[in-house]
Amino acid sequence: MHAIFNYKIYNSVGMLPSNWDALAAKNIFLSSAYLYVLEHAAPKNMYCHFIGVFKKDQLVGIAVSQFIDLSTIPSFGERDTCIKTSIRRLVFKNTSSKVLVFGNNMLSGKNGYCFEEVLPVEVGLGILEKAGQSLEKLFLEKGLSTQLTVFKDFLDTETSYFESKEFLSYFTFSTQPNMLFEIPNSWDNFEHYIASLSKKYRDQYKRARKKSEGIVKKKLSLEDIQKLQSRIFDLYMNVAQNAPFNTFYLTPNHFEVFKASLQDNFLFYGYFSNDKLIGFNTLIKNGTDIDTYFLGYDALYQRENMLYLNMLYDMIAYSINKGYKRIVFGRTALEIKSAVGAKPVALHGAMKHHNAFLNLMVSRTFEYLEPKIVWQQRNPFK
């Protein structure tokens, strides 16, 4: 069946087929507006390509790939012990620092591809695996030798996609779960959410809101984001550098480009104390979903004002009041997100190391290097 399909690789939105956005209509993260952000404001160690799959001359599939050069990252996360962090840095930089990802490493969930019905998923993924071989040659010309190829974020029911011959040398793995908040149809406004909380968690809500008194939340425009760019980046880095593991850091102009390209589909909220920006969060409208994106805060205000928890409540309030069906909270801060009502959904991927010997060891290597997060799932509802 592969013979009737072919693919083309693009590195610029201006090169995409005219009907690209017709296929991307159900997922903003495959739209040309979002891919423009990847083209113009991706992390400095990330090279993005866009892949079109054709049946003869008809576009029947679209996908995103990201080549990530981990050797340029100054920190893989500063929260772990120095020894473990040093070992992780040494291993990655020497054996696994050049990673080709099919999917989006900046997001959680199924944002890597969209195939028409005429293109079965198993066949489409097999074609992407072949496209990966072409991408490897492109990167070799730049002096970058691919060490790992990864297909990311598949549900429990989708791991069978990797049983075909193209993926015989791949190892399937599990990652941290994606935290999803399904909004009941019966909730018309945020008051319904508060009423559904058990006494313990309603008291937590009240305590958090009392702690945030005096903090002013503002929706920021493109001009606001440009004006506050330096402060925004500092707040983002305060959070990012304390994550257990990083594969990239955003560029200072990332949010500016994002707002300029996605406009009203990208929401940026600043939190101010005495006119000083002390935190921010970002939301992306994606059909009936709201995707939470990157945030930042001043650690001092976070402790004193329960800033992060208040941001989560604000995200939930916006999503319910505006009639969205689901909030995609991503795969960080699992316990506190479950404490506001999000539930974990398991995600899987497939990985191959390009060194045959190391590929035999990749399962053990992955288990060691992937940070283990011990957490307790909460249920805040009655």
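Exactly one condition in (1) assigned by the TED database to the domain that holds Lys206; (2) in contact with a strand residue (DSSP E or B) (Cβ under 7 Å, 6 or more places away or on another chain); (3) under 26 Å from Ser198 (Cβ atoms) is false for Asp289; which is it?
Single failed check for Asp289: (3).
Keeping to segment 260-306, report how many residues are assigned to a helix (DSSP H, G or I), within 20 Å of Gly330 (Cβ to Cβ) and open to solvent by 20 Å² or more (accessible area, probe 1.4 Å).
Number of matching residues: 2.
Name the single residue, out of those in segment 25-53 being in a helix (DSSP H, G or I) and of a type in the set (D, E, K, R), that is surrounded by the fewest Cβ atoms within 10 Å (Cβ to Cβ).
The residue in question is Lys26.
So in segment 327-347, with the set limited to residues that are in contact with an Asp or Glu (Cβ under 8 Å, 6 or more places away or on another chain) and surrounded by fewer than 17 Cβ atoms within 10 Å (Cβ to Cβ), which one is nearest to Asp264 (Cα to Cα)?
Per the stated criteria, the residue is Lys343.
When you check Ser75 against the structure, is it assigned to a strand (DSSP E or B), among the polar types (S, T, N, Q) and either open to solvent by less than 10 Å² (accessible area, probe 1.4 Å) or at pLDDT 60 or above (or both), yes or no?
Against the criterion (assigned to a strand (DSSP E or B), among the polar types (S, T, N, Q) and either open to solvent by less than 10 Å² (accessible area, probe 1.4 Å) or at pLDDT 60 or above (or both)), Ser75 does not qualify.
Specify the residue that is nearest to Leu312 (Cα to Cα); the eligible residues are those in segment 180-225 that are in a helix (DSSP H, G or I) and of a type in the set (Ser, Thr, Tyr).
Tyr205
For a quick check of your reading of the model, give me the residue pairs whose first member lies in segment 140-158 and is assigned by the TED database to the domain that holds Leu107, whose second is part of a helix (DSSP H, G or I), with beta-carbon atoms closer than 7 Å and at least 6 apart or on different chains.
Thr146/Glu136; Thr146/Phe139; Gln147/Thr95; Thr149/Gly132; Phe151/Leu125; Phe154/Tyr161
When the residues of segment 181-236 are narrowed to those that are touching a residue at least 12 places away in the same chain (Cβ under 8 Å), out of contact with any strand residue (DSSP E or B) (no Cβ under 7 Å at 6 or more places or on another chain) and of a type in the set (A, V, I, L, M, F, W, C), which ends up farthest from Phe294 (Cα to Cα)?
The residue in question is Trp187.
The values are calculated or read from the model by the stated rules, or taken from the named source; none is laboratory data. Just so it is clear, the structure is predicted and the values come from calculations on it, not from any experiment. Cβ sites come from the backbone with ideal geometry, for glycine too, and all protein chains shown count toward neighbours. Only protein heavy atoms, including side chains, enter the accessible area calculation; ligands, DNA and RNA are left aside. Shrake-Rupley method; radii C 1.70, N 1.55, O 1.52, S 1.80 Å.
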